[in-house]
Structure formats: C-alpha cells, structure tokens
Amino acid sequence: MLVLFETPAGFALFKVLDEGKLDKVEDLWKEFTTSDSARKVVELKAFNKFENTSDALSAATLIIDSKPSKGLRKFLQKHCEGETLAVADSKLGNSIKEKLKIDCLHNSAVMELMRGLRNQLTELITGLGAQDLGPMSLGLSHSLSRYKLKFSPEKVDTMIIQAIGLLDDLDKELNTYAMRVREWYGWHFPELTKIVTDNIQYAKVVKMMGDRANAVNLDFSEILSDEELETQLKEAAVISMGTEVSDLDLLNIKELCDQVLALSEYRAQLYEYLRSRMNTIAPNLTALVGELVGARLIAHGGSLLNLAKQPGSTIQILGAEKALFRALKTKHSTPKYGLIYHASLIGKASQKHKGKISRSLAAKTALAIRYDALGDGEDNSIGTESRLKLETRLQVLEGRELGKSAGSTKGKPKIEVYEKDRKKGAGALTTPAKTYNPAADLVLGHSTEETPKKSELASKKRKHHEAETAPSAEPEEEAIQEDGDQEGRKKKKKKNKETEETPAVEADGEKKKKKKSKEDGEPVAALEGEKKKKKKISDADGENVAMQTEASAKKDKKKKKKRHADDE
C-alpha cells in the first residue's frame, strides 16, 4: 500500500512496510515517536517536486477542490500500478479512482498515519530540511490566500484615497494663489478683475501683459475666445484708475502666475490619473455617481471593502454625521443626503424629489460597491443599468412623458370624478337640478298673535288681586307696556317680590318659567291653574309682605312723578 502526502515542495509517495500495524490505530502514534521507528513503518518511494511557486499554487488550489493536477496524475500513473493508494481526502480519492482507475483508501488508520508522517517529514525525506520547509510553507500560504481572496495589486484603493485628498488640497491652494494674484495685480489694473472672471485665464493675461500699457499692442485671442472681452480689456487699460508699479513688482507677480498655471496643469493630470484608477477599481460606482463622488465615498469609508459592508441608508448620509447627530439630539428631521448629494442624478431632481432620488441612488450605490469589491467581473454593466433605471424613475417623478416602459415605471391612469347624477358620455344630468323651496321655511306669525291675548288675561287677574299677590316674573308680560304709572308699579312690585320670596316660591317660579318657554299654543286653562297655585303661595306669606309691597309701590309712584316732571 502506498501513501500520498502533500508538502509545500511537492508530492511525496511513501511505501507502507508493515500493514499489520495499521490495524492498531490507537498504538500507531508510538511508531512515529522517533525517526528510526518511523523508517520501520514507511519509506519514501518517489517524490514529485514543484518547478516554481505558480506550479505549487495551481496544484494546491486543485487539491483544495479535491481535483488532481496534471503533474499529479502523471506521477501516480507512473508509480501506482496495481497498488492501493491511501489519501487524506475521500473526495480526492474518488476523483483519482474515476480518472486513473487506482483503488484509494481513506479511514481513521490512514489519518493517524498521515499525522505521524507530518511529524517526521524532514527525517523521512532526504534533502528537505526544516529551515527550507518553513519559508516554503509561508510563501505558498500567502499565495494561496491572495488567490482565494481574488487579491490584485490593480485593486488597491489606497491610491484613490491619496489622490482625492491631494486633489482637494490642490483646489484649496489653487484658489488661494489665484485670489492673491487678483488682489496683488488689482492695485495696478483693478478693472481686469471684472472683465476676466476665470482664474486661469486671468493668470495667463497677467503673465502676457505685464504692465497695462502693453495691452494695446498685444493679441489675446489665444487666451480669450471672445473678441468683445479683448476689446473691453484694451479700452479699460487705457483709462484704468490703477496705480503704477515697478518692474520688480511685475516680476514677482509673473512668478506667482507661473505657480498658478503649474498647479492647474498638475491638477488636470492628477484628475486624469484618478479617473483611470476609479474606472479600474470601482467601474460600477464610477458609472453611477461619477469618479469624484465615488472617490470621496471610498476615502470617507476608509477603503472599498469597508464601504461594501455599509448598508444603503449609511451610504446615503455618509458625510453628514454632524447634522445627523445634531438632529437626533434636538429631535428635528434627519438629513436626507451627505456626500452623495453632489451626484449628477440628485442635481437633476427638483427640490421635493431630491430625498426620494437620494434614497434610491444610495441603494443602487451599495449594490454597485459590493459588486466592485467582491465580484469577479470588471465591467460597469450593473452601474450603467442602475443609472438608466434611476433616470427613468426621476422622469416618472418629474411627470415627464415616457415612451414604452415596463413595471412600476408606467404612468398612473387619470382618475375621473364620480358624479351619480350625470350620465356616461352625456352632458345632461339624469335628474333636474334642485331649486330653492320658500314654502319649507318656518313661519312664526302664530306665536306673535297669541302672546297679547295671554298678557291681557294675566293683567286682569293681577288688577283683581293687586293687594294680596305679587306676580311672578314672566318674559311675555314684561314685553307689554301699558299706560304710565300702572306699568312702572308692576315692574317695581316684581323686583321687590323677587327679593322677598322664599326658596319654595323661587323654585315654583323657575318651574313656571320653563312651562312658559314651551310652544305658544298652550291652552289658557293651563295658565289659570298656574295662577291659582301662585295665589295659595302668596296667601301663606302673610300680611307683612302685603304691607311692604304697598309701601314700596307708593314710593315708586312718587319717584315716577318726579321723573315725569323733570322730563317735561
């Protein structure tokens, strides 16, 4: 029986000298405690050495997938004819048996034998020392890890992080230098600032012109594309209000202009480098949000792999952390976008649709980042398709007319207002329009006619019992006014009586008021019954009350006479 053993240097084939010892699995490890005892159990029959690291890597990857390499198949066909082969992997043994027709064995005894071989490997294989085996194992493990992780030096995103950081720094420095040139040369030619607005063109004009007196004789057509600007520049140079400067000052200003132009050229070169790296490392992300926004997202996340671990909701507000925590602290609305706001798709959307588009764009961006970081493909098909879908969604939200579209992108049908009285397809109503019916109004004429009759009956009874009774307060009787003194006397009697009546009388008066507030069609007999009750209550009050009411009535008469005299 032969044993196949894999090493970092190659494949080794050992011959088992005493197969009877394999039956005692528990005691097999004792045979490999020393190199001499191990040589009594197995001996090296053949060794297939790897030619280079790539050969070792390809063979190791196939062994991991339980497949024999081409060199291993030739090696086994040469040395394993008519022999049983012991292997460490049952799946590898099955594939060898299918392709090479070699009987393979895999059990617990074989695994224990492999453990013993690994322990005495350097002693059993001549020429393979421990100092050589260690570096071989380390190199092969690193190569295998790179292969399994699909590692490539072209996928290093550190260059993108450094490039976008340098690009932002260059923009700041370039803006500072350009403003310094404008301020410095503005003392000599202040009108030039409003005529030439671009910073690079301004630096080129200053470098070419020098003193403003030279502007008339120079041709600025290469710098200024518009002839009107050139004409305005020459006219302003003649009538400029700036101060005179020396040649030394102009020399330093020109050197500063050279710095501005050099920085702008380097920035353009760096931008091209960044764009090429983004198309190589993250093509789908670049197709979706652009190279600048994509590079800033990678730099903010730390790496492309770290960014791939983030959900779409995090990518949406990446860069707006301060606003997010401030909103959570103050219990206000959270921000809808961060760095992703500068993407062209969000810039196209109106203000009310920016939140929806940013949420959709963040979800698609998360998918594109994961495909770029972990996928095998190197094309930008996913990013391009996602961008088209988002543009279609934006058109639907904006209410634009679309051609043929599928799924949820179809326009919603127009909802017609339902009118039950209108016929379908006809302009006329099924029923005539309702008109105002004046006959349905309430008429209150009967109540106004009955009230005088009731008041007359009540006044006659009061005259008959004037000395004994005090009438209760009735809203209908107060509305009636009789001649002069009788009317005033009645009102005073009512006021005095209300202050002197007992609680029982007040309660009965409230009941009577409620009864009086009913419909005006009550019978006169009900009123007479109420008056009889009033008489009984007033008789019980006694003669003192009657005397007080008569005295108060006399005083009221005197007061009214005085008032009449004063009025006359």
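The values are calculated or read from the model by the stated rules, or taken from the named source; none is laboratory data. Note that the structure is predicted; figures quoted are calculated from it, not measured. Here the Cβ positions follow ideal geometry from the backbone for every residue, glycine too, while neighbour counts run over all protein chains shown. Ligands, DNA and RNA are excluded from the accessible area calculation, which covers all protein heavy atoms including side chains. Shrake-Rupley method; radii C 1.70, N 1.55, O 1.52, S 1.80 Å.
Remarks
- Debye log10 I(q)/I(0) at q = 0.11, 0.12, 0.16 Å⁻¹ for region 158-269, Cα point scatterers: -0.38, -0.44, -0.72
- FRET E, pair residue 132, residue 73, Förster distance 35 Å, beta-carbon r, rounded to 0.05: 0.85
- Projected label points at residue 99 and residue 162, each 7 Å from Cα along the beta carbon direction, are separated by 4.3 nanometres.
- Inter-site label distance for residue 381 and residue 26 at 7 Å from Cα along Cβ, in nm: 6.0
- With a simple spin-label model that places each label point 7 Å from the Cα along the Cα-to-Cβ direction, the separation between residue 396 and residue 187 comes to 6.3 nm.
- Pairwise Cα distances in region 282-398 exceed 22 Å for 30 percent of all pairs.
- In this structure the amide hydrogen of residue 45, modeled in the peptide plane, comes within under 5 Å of the amide hydrogens of 13, 14, 15, none closer than 5 places in sequence on its chain.
- Residue-span extension gain [residue 325 to residue 225] - 0.36 nm each, minus C-alpha spacing: 31.1 nm
- Å² per residue, accessible surface of region 2-149 at 1.4 Å: 57
- At R0 = 25 Å, FRET efficiency that the Cβ-Cβ distance of residue 52 and residue 271 yields, to 0.05: 0.05
- Per-bin percent of Cα-Cα distances, region 2-149 [5 Å]: 2, 9, 19, 21, 21, 16, 9, 2, 0
- Theoretical gain in end-to-end length, residue 61 to residue 39 [0.36 nm per residue, Cα-Cα removed]: 4.9 nm
- Fully extending the segment from residue 238 to residue 211, taken as 0.36 nm per residue of separation minus the present Cα-Cα distance, adds 8.6 nm.
- Surface/4 of the Cα convex hull for region 272-313, nm²: 2.8
- Of the GluC sites (Glu not before Pro) in region 19-69, those whose Cβ has at most 16 other Cβ within 10 Å and which sit in DSSP loop: 26, 51
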